[in-house]
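*Asks:* Sharing a structure here in structure tokens format.
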Amino acid sequence: MQDFENMEPCEEIFEMHAEVCKVLANPKRLKILYLLSRAQEPLSVGDMAQKLGIAMPNVSQHLALLRARNLVKTTKKGQTVYYQIVDERLTRACDLIRSVLIDHLRRTGRYAKQFQELIGKEKM
């Protein structure tokens, strides 16, 4: 483990980490990433809007922020732009955080059925 007394070279990483966390600090963006992580192929804005029940302009705005932080990438086929996650480690990180939160809900007795169904699909 790195010595935390000598962290000067890592300040840039901590700043970048904080910026990514700011972008991820929105439930709709987390839902978009979750949807993309479970998709068999890249998805269009229209696909995501329909599956998530969010207006297309709103999905586009969220995707622009995710793209600006290099969390999603695009491919274009004809007039349609498709999105996918840049690095699958992001998916694993989000899954891990969600798993910790679900365990907390279990321990506190506030574990909802929808989370139980979700974790059943995600067995880690």
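Bear in mind that the values in this text are calculations on the coordinates, not laboratory data. Since we're looking at a predicted model, the values are computed, not measured. So basically every Cβ, Gly included, is an ideal-geometry build from the backbone, and we count neighbours across all protein chains shown.
*Asks:* Arrange 34, 83 by Cβ neighbour counts within 10 Å, fewest through most, would you?
*Replies:* Neighbour counts put them in this order, fewest first: 34, 83.
*Asks:* Using θ = phi - 60° and the Karplus relation 6.51 cos²θ - 1.76 cosθ + 1.60, list the HN-Hα couplings for segment 42-51 in order, rounded to whole Hz, with x at every Gly or Pro.
*Replies:* x, 10, 8, 4, x, 4, 5, 4, 5, 5
*Asks:* Compute the projected area of the convex hull of the Cα atoms of segment 11-86, averaged over all viewing directions, and report it in nm² to one decimal place.
*Replies:* 5.0 nm²
*Asks:* Moving on. Provide the net charge surrounding residue 48, with neighbours chosen by a C-beta distance below 12 Å and charges set as Lys +1, Arg +1, Asp -1, Glu -1.
*Replies:* Residues close to residue 48 contribute a combined charge of +4.
*Asks:* Ok, one more. Could you pull out every residue, at least 5 positions away or on a different chain, whose amide H is within less than 5 Å of the one on residue 72? Hs are placed 1.01 Å off N in the peptide plane, and Pro or chain starts have none.
*Replies:* Answer set, sorted by chain and number: 67, 86.
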